[in-house]
Amino acid sequence: MRILVAGGGVSGLATAVALGARGHHVLVLEQRPVLTEGGAGIRLAPEDFRLLGRLGVGDAVRERSLTIDEFRTMDGTTEEPVGTVALPVRHGDGRAAHATAHRLDVHEPLLEACWELDAVRLCPDSRVVGYAEHGESVVAALADGRSVTGDALVLTGAARSVVRGDARWADDAPPELLAVYHTVIPMELMADHWQDGPATSWAGPGWHLSHYPLPDSRYLSLSVTRRRHTEAELDGARVDLEHVLAFPEIGYAARNVLTTGSHWRAWTLPGRTAGARRRARGRVALVAEGAEPPRPLEASGLQHALADALGLATSWDASDDDTFRRLADYDTRRPDRAPDAARASCGA
């Protein structure tokens, strides 16, 4: 059997590794000419490292990451501190339980793991724009007019937009959409008290902002999430500072942090849903769709993507050779996700 995975970002490669390591044949279809990731940052919690370890890349990611030992929450309107949480170091081996990394620091170890798996094949310049099911197969339509046939299709990353507005998925309540803006700032542009500061989140009405140092301590990752997004799909679009600054009731200090950023990119992501959203229909499955995002959303749903990738692989092994049963099992399998200590303690 052959499983098509649309998207060669972190979630797509995690899915390919989870399935390929079990001997399932996987074809990764990536729209970009080169499989890589942008410069946005990720804040890694203990559960992220546990899931990355199950994929065989936990140590490689940890070696690239920067330990963080404190998380601070600020009121983005009044500029008053809400709380500070000391983040623990894992006892025994002294390794960091919490850390930060570039997305590339997670993507590259997963890419190397894919290269080592004979069952995984990577195909750049292959953007999936639609699909059709025919009997015992599913056909993915590519932007250049080609088509690829497999036994199942997994939509990850931006490729999940293929099912938005699709009548076959229309009976599900649509999720709230979030607009997420990312940039990376040279550390010397930041005020001195932020250069050596902890991971910080600013919370405002319908938005939150977060920033933290990245592994070489020369850059600061800055991200903003706006809830109830009603505009067009963003999917990595470049946006200017004026667009990013359009937030209600943002305080002077939080605005000053935002104005240090340039070269912004934006994505539209699913937010909270009223209930459990379907993750599979027929021969098609979604990874990290409709999951409640972390707050703040630095990881862009990293933990949900990793858990879904591993859950899909577990369902593939738990069921017989019937693709429908495998995906139905995945659809109903809702793995427990451990809460991030900072979110649990600060309510961030």
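Taken together, the values in this text are just the output of simple stated rules run on the coordinates, not laboratory data. Predicted model only: the values in this text are computed from it and were never measured. We place every Cβ from the backbone using ideal geometry, glycine too, and count neighbours over all the protein chains shown.
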* Classify region 23-118: rounded, prolate or oblate, from the alpha-carbon gyration tensor (a ≥ b ≥ c, eigenvalue square roots; a/c under 1.5 rounded; otherwise prolate if a/b is larger than b/c)? -> oblate
* Between Asp59 and Arg121, what length comes free when the chain is fully extended (0.36 nm per residue of separation minus the Cα-Cα distance, one decimal in nm)? -> 19.9 nm
* Would you calculate the separation in nanometres between label points at Arg50 and Glu176, each defined as 7 Å from the Cα along the Cα-to-beta-carbon direction? => 2.7
* Structure fact -> A student asked for the Cα radius of gyration and Dmax of region 221-269 in angstrom ought to give 10.9, 30
* Give the value in nm², to one decimal: projected area of the alpha carbon convex hull of region 66-155, averaged over all directions. => 11.6
* Structure fact -> Here the gain from full extension of Ser217 to Glu79, 0.36 nm per residue of separation minus their alpha-carbon distance, amounts to 47.2 nm
* Structure fact -> Each label sits 7 Å from Cα toward the beta-carbon; between Val129 and Glu242 the label points are separated, in nm, by 3.2
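Please report, to one decimal in angstroms, the Kirkwood hydrodynamic radius of region 132-261 built from all distinct Cα-Cα pairs.
Values: mean 1/r = 0.0559 Å⁻¹.
Averaging 1/r across every pair of different Cα atoms and inverting gives 17.9 Å.
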* Structure fact -> In this structure, the FRET efficiency calculated for Ala232 and Arg146 from their beta-carbon separation, with R0 = 41 Å, to the nearest 0.05, is 0.95
* Cα-derived Rg to Rh of region 115-160, Kirkwood definition -> 0.98
